[in-house]
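**Q** Take this structure first; my questions come after.
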Amino acid sequence: MNSSLSSALIYLLGFVGLASIGLIPLRVWQVLRRALAFKKSRLLIVFLALIAAMALLGDAQITTRIFKCLTESYCGPGVASGWIYLAMLGVVYLVFEVSVLLIWKINRAKPFPPAA
C-alpha cells in the first residue's frame, strides 16, 4: 500500500476514533435501550449485549492507552503511536456499528415464531 494512502487511512480512522470516545457509550446505551423495548427476542438482546460489552471493553482499554500516551513522557515506539491508538478505536467503533446493523437487518428479515 502506498505510504500516503496508509497515512490517510490512519488519519481518517483516527478522527473516527477521536469521535468514538464519546459515541461508543452513547450508541451502546441507545442500542440496548432499543433492544430492550423490542421484547420479542431474548436472543437478540443477548447478541446486542455481547457486542455492546465488547465495544465498551475495547473503548475502555484503548482510551486508557490514549490517556497514558497524552500524560506520560513515553507514548510508543513512533511519533504516530497516538494516531494508531485512535485508529484502533475507530476500527472498534466501525465494527460495532456494522455488527449492530447486521443484527437488526437479520432480525427484520426473519419473522419471529409465535411464543408458545
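The values are calculated or read from the model by the stated rules, or taken from the named source; none is laboratory data. Owing to the predicted nature of the structure, the values given are computational and were not obtained by experimental measurement. All Cβ positions, glycine included, derive from the backbone under ideal geometry; neighbour counts span all protein chains shown. Just so you know, the surface numbers come from the protein's heavy atoms only, side chains and all, with ligands and any DNA or RNA stripped out. Shrake-Rupley method; radii C 1.70, N 1.55, O 1.52, S 1.80 Å.
**Q** Keeping every protein chain present and rolling a 1.4 Å probe, give me the accessible area per residue for the stretch 4-97 in Å².
**A** So the stretch 4-97 comes to 64 Å² accessible per residue, rounded to a whole number.
**Q** Of R27, R34, which has the most accessible area and how do the rest follow, probe 1.4 Å?
**A** The ordering from most to least exposed comes out as R34, R27.
**Q** Ordering W104, W83 by accessible area with a probe of 1.4 Å, largest first, what comes out?
**A** Of W104, W83, the descending order of accessible area is W83, W104.
**Q** What do you get for the angle between helix 81-109 and the principal long axis of the chain? Use alpha-carbon atoms, 0 to 90 degrees, nearest ten.
**A** The angle comes out near 10 degrees.
**Q** Suppose every Lys and Arg Cβ carries +1 and every Asp and Glu Cβ carries -1, with no other charges. What dipole size does the chain come out with about its Cα centre, to the nearest 20 debye?
**A** In total the dipole reaches around 740 debye.
**Q** Just one of (i) 13, 37, 26, 15, 7, 2, 0; (ii) 12, 28, 22, 17, 12, 5, 3, 0; (iii) 14, 32, 29, 18, 7, 1 is P(r) over Cα pairs in 10 Å bins from 0, in percent calculated from these coordinates, so which is it?
**A** Derived directly from the coordinates: (i).
**Q** Positive end of the dipole of the chain, charges at C-beta (+1 Lys, Arg; -1 Asp, Glu), about the Cα centre: which of V98, L18, S73 has its Cα farthest in that direction?
**A** Final value for the positive-end residue is V98.
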